[in-house]
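The block underneath contains the structure these notes are about, expressed in structure tokens.
The values are calculated or read from the model by the stated rules, or taken from the named source; none is laboratory data. No experiment lies behind these values; they were computed from the predicted model shown. Here Cβ is always computed from backbone atoms with ideal geometry, including for glycine, and neighbour counts include all displayed protein chains.
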Amino acid sequence: MARKSRPTFPMAPASDAEEAAPKPVRRSPMFAKGAASLETALKSAAAEERMFRNLPIAQIDPSPIRDRIDIAEGLEVLKRSLAEDGQQIPILVRPLPGDRYEIVTGRRRLRALTELGQDTIQAFVRRMSDEEAFVAQGIENNARLETSFIERARTILSALEAGFTQVQVEKFLGVDQTMISRMKSIYTAVGEDLVVRIGPARGVGRRKWDRLAKLLRDGDAALVRSDLADSTERFDALLEQLEAREATPPAPQAEPRTPKPAQEAPVVTTRRGTQLTVKLREDIPDDFLDYLAKEIPALLEAYKERG
């Protein structure tokens, strides 16, 4: 039986897309400046000893930069490729204290092999600064599939939360600080829960996301149509619902009713011991008292008969 030869790995880790089907890609302007920074970093790293290892998957931690919204997108195709051909391209990790590692590129390969039940994964281990890891991760994402507006906003917010400054984000992602502030504001207004429910919504730009953010009310995440498989369709359906709600005039409010003042009782009685004082309202005829006085004996007899 012929022995399967070990694959020759590239000097620089490739994107997940190349694992299944290599194809030319168009690089987004978002990472144009970052690409130059990464190229410098990779040249520097090439001068050092490159460490290739089979690492336990359980020792690999996620990146603090949360950019991809739907990491499972196209994952089944990748899993089939890995199951049939094995892992052809290593992932890239950087060492952490305590015999741990942080994933830099190859998160979908890591996820796919984990779901396939693998315990180890082939990886390049390279010491990288936070900035180098950030840029490398962004370039891999862009090489695999064009990132959407909301994914770029998520990357920016995640980077800021991880401790990067707006100046650093501008430098590594090629996004000016005005746009950084806008994207951060929109993502915060929409919220992580709703963004994840909608998905990347490729092709939906800043204006539509800004419109959605301004129409949202508490609880609107429940309006996302989970029956729609395409994230762009989910976005459009939600925006359509919110715009229809905004266009519907509110139901006219009923005018508050002013309660009528209580009328004064026609007869007011006051009792003190065995004395009963009767006071009539002004519109009651005076001779009613004469009538009442004559009826008292009959009322007394009727009272006695009750018992």
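Can you find even one residue in region 149-156 that is part of a helix (DSSP H, G or I), of a type in the set (Lys, Arg) and over 23 Å from Arg53 (Cα atoms)?
Looking through region 149-156, at least one residue is part of a helix (DSSP H, G or I), of a type in the set (Lys, Arg) and over 23 Å from Arg53 (Cα atoms).
Hey, Pro259 hits all of (1) modelled with pLDDT of 90 or more; (2) surrounded by fewer than 16 Cβ atoms within 10 Å (Cβ to Cβ) but one; which does it fall short on?
(1)
Every residue in region 164-204 that is loosely packed, with under 14 Cβ neighbours inside 10 Å and touching a Ser or Thr at 6+ places or on another chain (Cβ under 9 Å), please.
Of everything in region 164-204, just one residue is loosely packed, with under 14 Cβ neighbours inside 10 Å and touching a Ser or Thr at 6+ places or on another chain (Cβ under 9 Å), namely Gly203.
Mind checking which pairs have a first residue in region 218-232 that is without any contact (Cβ under 8 Å) to a residue 24 or more places away in the chain and a second that is surrounded by 10 or more Cβ atoms within 10 Å (Cβ to Cβ) and of a type in the set (S, T, N, Q), Cβ under 6 Å, 6 or more apart or different chains?
Here the result reads Leu223/Gln241, each pair linking region 218-232 to a residue that is surrounded by 10 or more Cβ atoms within 10 Å (Cβ to Cβ) and of a type in the set (S, T, N, Q).
Can you run down the residue pairs with Cβ atoms below 7 Å, 6 or more apart or on separate chains, where the first is in region 201-215 and part of a loop (DSSP other than H, G, I, E, B) and the partner is at pLDDT 95 or above?
Ala201/Phe235; Val204/Phe235
Buried (at least 19 other Cβ atoms within 10 Å of the Cβ) and modelled with pLDDT under 90: which single residue out of Ile103, Ile89 fits that description?
Ile89 is the lone residue from the list that is buried (at least 19 other Cβ atoms within 10 Å of the Cβ) and modelled with pLDDT under 90.
Can you pull out every residue in region 100-120 that is over 26 Å from the mean Cα position of the chain (by Cα) and within 29 Å of Ile156 (Cα to Cα)?
Arg100, Tyr101, Leu113
Given the criterion in contact (Cβ under 8 Å) with a residue 40 or more places away in the chain and in the same structural domain as Ala213 (by TED's automatic domain parsing), identify the matching residue among Val167, Val104, Val190, Val125.
The conditions single out Val190.
Specify which of the listed residues (Glu132, Glu140) is touching a strand residue (DSSP E or B) at 6+ places or on another chain (Cβ under 9 Å), modelled with pLDDT under 85 and part of a helix (DSSP H, G or I).
Glu140 is the lone residue from the list that is touching a strand residue (DSSP E or B) at 6+ places or on another chain (Cβ under 9 Å), modelled with pLDDT under 85 and part of a helix (DSSP H, G or I).
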